[in-house]
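The structure appears below as structure tokens.
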Amino acid sequence: MKMYVPILTVFEQAAVDGLKEAADQTLELSNAKAPKDDLDLVNSGKVTVDDLTVQVSYDAVHARFQHENLDYEHADGGEAKFLETASDEVDVEAIAAASLRKKLG
């Protein structure tokens, strides 16, 4: 089965580029805040781009538990809500706008 790749306008591609950059920054910050017990969690982080959507996620089995449980303590550092906190710290709109301005000259 042939996969069709969407054809994006210059504006859409610039927006996706900005969103991808913001997602990469979010993942980097999230990894810095995530529990580092065995690094499985950090190593499972990824950024996915699909048309005009960008997603940051973790595939480790225990990712949801580590993220949501506020009572867990981590000897090697890390915190609960690591992805949520990181996403609050990244100014996605400003990064996407800068990408659009750059593309438009």
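E21 passes all but one of (1) of a type outside the set (S, T, N, Q); (2) under 25 Å from A97 (Cβ atoms); (3) without any contact (Cβ under 8 Å) to a residue 60 or more places away in the chain; (4) open to solvent by 80 Å² or more (accessible area, probe 1.4 Å); which number fails?
(3)
May I ask you to list the residues in the stretch 54-105 that are touching a Phe, Trp or Tyr at 6+ places or on another chain (Cβ under 9 Å), of a type in the set (A, V, I, L, M) and in contact (Cβ under 8 Å) with a residue 24 or more places away in the chain?
Hits for the stretch 54-105 are L83, L100, L104.
Can you go through D51, D71, D76 and tell me which one is of a type in the set (D, E, K, R) and at pLDDT 90 or above?
D71
Restricting to the stretch 49-96, name every residue that is acidic (D, E) and either open to solvent by less than 60 Å² (accessible area, probe 1.4 Å) or on the phi > 0 side of the Ramachandran plot (or both). Quick ask: steps written out before the conclusion?
From the stretch 49-96, those acidic (D, E) are 50-51, 59, 68, 71, 73, 76, 79, 84, 88-89, 91, 93; that's our starting set.
Result: D51, single match.
The values are calculated or read from the model by the stated rules, or taken from the named source; none is laboratory data. Remember, it's a predicted structure, so these values are computed and weren't measured experimentally. Positions of Cβ are backbone-derived with ideal geometry, glycine not excepted, and every protein chain shown enters the neighbour counts. Please note that ligands, DNA and RNA were not included when accessible areas were found on the heavy atoms of the full protein model with its side chains. Shrake-Rupley method; radii C 1.70, N 1.55, O 1.52, S 1.80 Å.
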